[in-house]
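Trainee: One structure, as structure tokens, below. Some questions next.
The values are calculated or read from the model by the stated rules, or taken from the named source; none is laboratory data. Keep in mind the model is a prediction, meaning the values are calculated, not measured. Here the Cβ positions follow ideal geometry from the backbone for every residue, glycine too, while neighbour counts run over all protein chains shown. Accessible surface areas use protein heavy atoms only, side chains included; no ligands, DNA or RNA. Shrake-Rupley method; radii C 1.70, N 1.55, O 1.52, S 1.80 Å.
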Amino acid sequence: QVQLVQSGGGLVQPGGSLRLSCAASGSIFSRYAMGWYRQAPGKQRELVAAITSGGTTNYADSVKGRFTISRDNAKNTVYLQMNSLKPEDTAVYYCCGGSDYGARSGRCDYWGQGTQVTVSS
């Protein structure tokens, strides 16, 4: 069983930056693809970014050039660096782990607890 524990998030002004972290328990983290999803009030959960076990990344169009997903397999941790934040980035952010397809499609095996990101002046 893998547990994902998220940290980071909070309130930031438009144009600001935040970094989210997602730490995984267990020794097989490096085998999993990881993803970051978000869900705004009244909206469906959507993919923000995903990274395969080999380090290949993909991003939602809305965050390309502003967000960066990365992973540190030695620390069993995946990160989401968010720059140039906009009010429309406000949402609860979730990390997840699973197969390459699962991380891209939301059909993950494991989910973090979620963390609120609010972008507001």
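Trainee: When you scan segment 5-121 for strands (runs of 3 or more DSSP E) that lie fully inside it, which ones turn up with 3 or more residues that are touching a Leu at 6+ places or on another chain (Cβ under 8 Å) and either open to solvent by 70 Å² or more (accessible area, probe 1.4 Å) or modelled with pLDDT of 95 or more (or both)?
Mentor: Result: 18-24, 33-39, 67-72, 77-82, 91-98, 115-119.
Trainee: Also: If you check every pair at least six apart or on different chains, which have Cβ atoms under 8 Å apart with a residue in segment 2-17 that is touching a residue at least 12 places away in the same chain (Cβ under 8 Å) first and a residue that is aromatic (F, W, Y) and open to solvent by less than 60 Å² (accessible area, probe 1.4 Å) second?
Mentor: V2/F29; V2/Y32; V2/Y110; Q3/Y110; L4/Y110; Q6/Y93; Q6/Y94; G9/Y93
Trainee: Here's something else I'd like to know. Output the residues belonging to segment 64-78 that are of a type outside the set (A, V, I, L, M, F, W, C), in contact (Cβ under 8 Å) with a residue 12 or more places away in the chain and closer than 17 Å to G26 by Cα.
Mentor: R71, N73, K75, N76, T77
Trainee: Another question, then. Those residues that are in contact (Cβ under 8 Å) with a residue 24 or more places away in the chain and more than 12 Å from the chain's Cα centre (by Cα), I need them from segment 28-40; list them, please.
Mentor: Those that are in contact (Cβ under 8 Å) with a residue 24 or more places away in the chain and more than 12 Å from the chain's Cα centre (by Cα): I28, F29, S30, Y32, A40.
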